[in-house]
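What follows is one structure encoded as structure tokens, with my remarks underneath.
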Amino acid sequence: MSLLNLARHQKLLLVAAITTALMSGCNSDDDDTQPTPPAAQRPKNVILMISDGASYGTWEMAAHWQGAENANDLAIYSDMQTRLGVTTYPLNTSNTPTNEDTSTLGYDPAAAWNTTVGEGVEKDGFMTYIEGYKYLKNNYTDSAAAGTALASGQKTYNNAINYDNHGKPMGYITQLAKAQGKATGVVSSVQMAHATPATFSAQNISRRNMHEIARDQLTNGNVDLLMGTGHPDYDGSGTNLNALSAEDCAANWACGNRFDSIGETEWLALKAGLLTPTGASKPWTLIEDKGAFELLASGNLSVDGPLVGIPRVRWTLQQTRSGDVVGADANQPSGKKMIATVPDLATMTQGALNYLGKDEDGLFLMVEGGAVDWAAHGNDTGTLIEEQLDFDRAVAVVKDWVEANSSWEETLLIVTTDHGNALPLAPTSDVTAFAPVVSNGSELLPEVRYWSGQHTNEVVRLWAIGAGSDKFDDYIRGTDSGFVTFTGHNSDGRYIDLTDVFAVMRDNIQPE
């Protein structure tokens with residue numbers, strides 16, 4: 001524990017001792033006032049996991065591949081009894097601040113699940129007749145506004161990274177956790193400066209300003225650990241660009257655009273061990289090699305000071321790999337071999353927990369399966385399943401870590417998404433509204449029809465378990481019978497909003 005954290009910890013103990021003494025002094029024998037019951041213990045650890053862009057059907061596709069009918073039947077989710085819907089709409093769909101505080105957007109359960117067949121409407125290349133589908137394909141959030149809602153508790157315009165609709169920066173959850181002495185970390189299967197990891201570690205008026213975001217992430221001192229892709233020396237298939245001939249490099253887009261997510265100045269400083277975040281006494285330690293991630297995950301790599309992990313791949317851990325480069329593998333849902341030189345999200349998550357879990361004041365960790373969204377945009381069933389499976393394995397790692405190193409009495413785990421994407425349903429869903437994805441059995445691709453290649457305004461799924469999960473009851477917005485009928489996620493249709501996820505985390509981190 002740092003000296004600052006130790007001082008804060010001792011102060012809290014002193015306040016608790018004084019409070020106890022005062023309470024015991026007030027309860028004399030002739031005082032019949034009932035003693036105040038002890039407050040519920042706040043979790044030491046808060047972990048948020050986001051399968052970016054996972055429509056409710058996406059969870060089912062991965063469940064079918066694993067031989068289950070419903071995601072709730074999987075071991076990793078079956079004991080997570082807090083199950084809610086979550087609304088995701090932004091403040092507005094502008095890409096820049098509009099200087100307004102009110103919003104006309106929202107979520108209407110009756111409209112969302114309307115099975116009426118109406119006039120055909122083409123949007124994003126998909127002809128749609130069912131009224132509910134039309135509703136869900138409009139007024140949707142992007143990952144920046146959705147991530148901001150989760151991280152700051154405020155709705156904003158699309159593109160915003162913890163900026164409000166008046167163009168002013170807003171605080172976010174890792175700052176709050178850091179102020180309480182917790183170790184903080186962000187892990188993603190996409191670039192660390194991409195929208196969702198950015199909202200948990202930076203502020204910027206636009207998600208497009210990735211160099212500025214990466215600089216902020218690496219210098220503001222709000223996170224102790226950052227892991228994500230974006231390595232300048234490798235492409236999307238894990239090819240070492242420095243080993244290419246001049247001719248092959250000229251033909252490879254990644255070669256001429258090495259610094260598309262992290263600036264050259266920051267990269268060279270990281271490589272040289274010369275970049276120190278605010279408040280830290282030591283510079284970032286950079287790990288790149290798969291073996292280093294595995295050593296961290298096995299507890300055999302000790303790092304003193306802040307840690308940044310950037311695997312040797314450019315855009316996503318696996319989703320953007322080319323089958324022509326990596327080769328075929330019939331055992332994978334996509335039919336392509338995995339890049340052998342890149343760690344998976346579970347390994348990165350395990351390493352992050354080992355590193356952050358040493359702090360006696362606990363940790364806050366956000367883990368994103370970011371490439372789920374990328375695969376959904378492409379309506380790529382095999383890759384979409386791969387990415388959701390990768391996320392599910394990371395959930396399993398978190399649960400195992402809690403049970404081996406902590407407990408559910410001191411840890412809160414929240415699993416959700418930031419928005420839906422692609423609206424995957426059954427091939428017959430043009431005739432039978434909201435007919436679910438059809439399972440063909442374990443390790444076989446399900447039968448799917450997509451209704452979009454973009455985000456959706458559907459109510460999405462949330463699971464939670466552990467200390468403080470009861471606080472979700474304080475934020476119920478309403479009930480949605482269609483959510484029960486068509487997803488079976490919970491039995492009463494209760495739902496909250498993305499901003500309420502922040503509120504629950506805040507309530508469990510910040511002293512009253």
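The values are calculated or read from the model by the stated rules, or taken from the named source; none is laboratory data. All values derive from a computational prediction rather than experimental measurement. Ideal geometry is used to build each Cβ from the backbone, glycine not excepted, and the neighbour counts take in all protein chains shown. Note: areas computed on protein heavy atoms with side chains; ligands, DNA, RNA excluded. Shrake-Rupley method; radii C 1.70, N 1.55, O 1.52, S 1.80 Å.
Numbers below:
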{"read-out": "Exposure of Ser302 as accessible area (Å², to 10), given a probe of 1.4 Å and all protein chains", "value": "100 Å²"}
{"read-out": "Cβ crowding within 10 Å averaged over residues, with 105-111, 227-233 ranked highest first", "value": "227-233, 105-111"}
{"read-out": "Mean separation of Cα contacts under 8 Å (6+ apart) over length of segment 393-457, as relative contact order %", "value": "31 percent"}
{"read-out": "CD proxy at 222 nm, helix term only [per DSSP H run n ≥ 4: -39500 (n - 2.57); per residue of the chain; nearest 500]", "value": "-9500 deg cm²/dmol"}
{"read-out": "Helix runs (DSSP H) in the chain reaching 24 Å along axis by Cα, Kyte-Doolittle at least 0.5", "value": "3-26"}
{"read-out": "Carbon plus sulfur fraction of accessible area for the chain, probe 1.4 Å, in percent", "value": "49 percent"}
{"read-out": "Segment 305-408: trypsin sites (Lys or Arg not before Pro) falling in loop per DSSP and having at most 14 other Cβ within 10 Å", "value": "Lys358"}
{"read-out": "Within segment 399-494, GluC sites (Glu not before Pro) in DSSP loop having at most 15 other beta-carbon neighbours inside 10 Å", "value": "Glu409, Glu443"}
{"read-out": "In segment 163-216, the trypsin sites (Lys or Arg not before Pro) that fall in loop regions by DSSP, at most 15 other Cβ within 10 Å", "value": "Arg208"}
{"read-out": "Accessible surface, per residue, of the chain when the full set of protein chains is kept, probe 1.4 Å, Å²", "value": "40 Å²"}
